[in-house]
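The values are calculated or read from the model by the stated rules, or taken from the named source; none is laboratory data. In this text, all values refer to a predicted model and were calculated from it rather than measured experimentally. Heads up, the Cβs are rebuilt from the backbone with ideal geometry, glycines too, and the neighbour counts pull from every protein chain shown.
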């Protein structure tokens with residue numbers, strides 16, 4: 001398990017190595033189909049996070065990329081651009097997803113060259 005300052009590293013499913021307690025919790029978790037709103041664990045997570053954020057509801061998505069793409073889709077219209085940082089995940093690693101899924105272009109500001 002990746003521990004830094006006594007924290008569990010949950011950046012990605014490829015970085016996180018579950019502890020024995022995590023594996024036990026997964027094995028014993030009550031599961032259902034979240035598409036049909038039957039997964040009580042997901043429902044509880046969504047309620048808890050919504051309350052933490054002061055929102056009336058929450059929506060679990062299985063990846064940061066999916067969350068980014070949903071956000072871009074909800075906040076843009078076809079043909080609009082999204083301005084990001086040069087090192088933004090959505091620019092470096094999500095390829096043409098915003099264009100393919102939302103018709104949006106991902107841009108980053110250019111450095112000033114002094115010219």
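Which residue, of 24, 46, is surrounded by 13 or more Cβ atoms within 10 Å (Cβ to Cβ), on the phi < 0 side of the Ramachandran plot and part of a helix (DSSP H, G or I)?
Working: 24 fails: surrounded by 13 or more Cβ atoms within 10 Å (Cβ to Cβ).
Result of the check over 24, 46: 46.
Of the residues making up the range 72-90, those that are outside any loop (DSSP other than H, G, I, E, B) and surrounded by fewer than 14 Cβ atoms within 10 Å (Cβ to Cβ) are 74, 75, 81, 83, 89.
Can you find a residue that is within 26 Å of residue 27 (Cβ to Cβ) and either over 17 Å from the mean Cα position of the chain (by Cα) or outside the structural domain of residue 27 (by TED's automatic domain parsing) (or both) anywhere in the range 49-58? Before you say what the answer is, go through the steps one by one.
Step one: filter the range 49-58 for residues within 26 Å of residue 27 (Cβ to Cβ), giving 49, 58.
From the residues that got through so far, the ones that are either over 17 Å from the mean Cα position of the chain (by Cα) or outside the structural domain of residue 27 (by TED's automatic domain parsing) (or both) too are 58.
Within the range 49-58 (the criterion being within 26 Å of residue 27 (Cβ to Cβ) and either over 17 Å from the mean Cα position of the chain (by Cα) or outside the structural domain of residue 27 (by TED's automatic domain parsing) (or both)), the answer is yes, since at least one residue qualifies.
Does any residue of the range 99-106 turn out to be touching a helix residue (DSSP H, G or I) at 6+ places or on another chain (Cβ under 7 Å), surrounded by 11 or more Cβ atoms within 10 Å (Cβ to Cβ), in a helix (DSSP H, G or I) and on the phi < 0 side of the Ramachandran plot? Yes, the conditions are met somewhere in the range 99-106.
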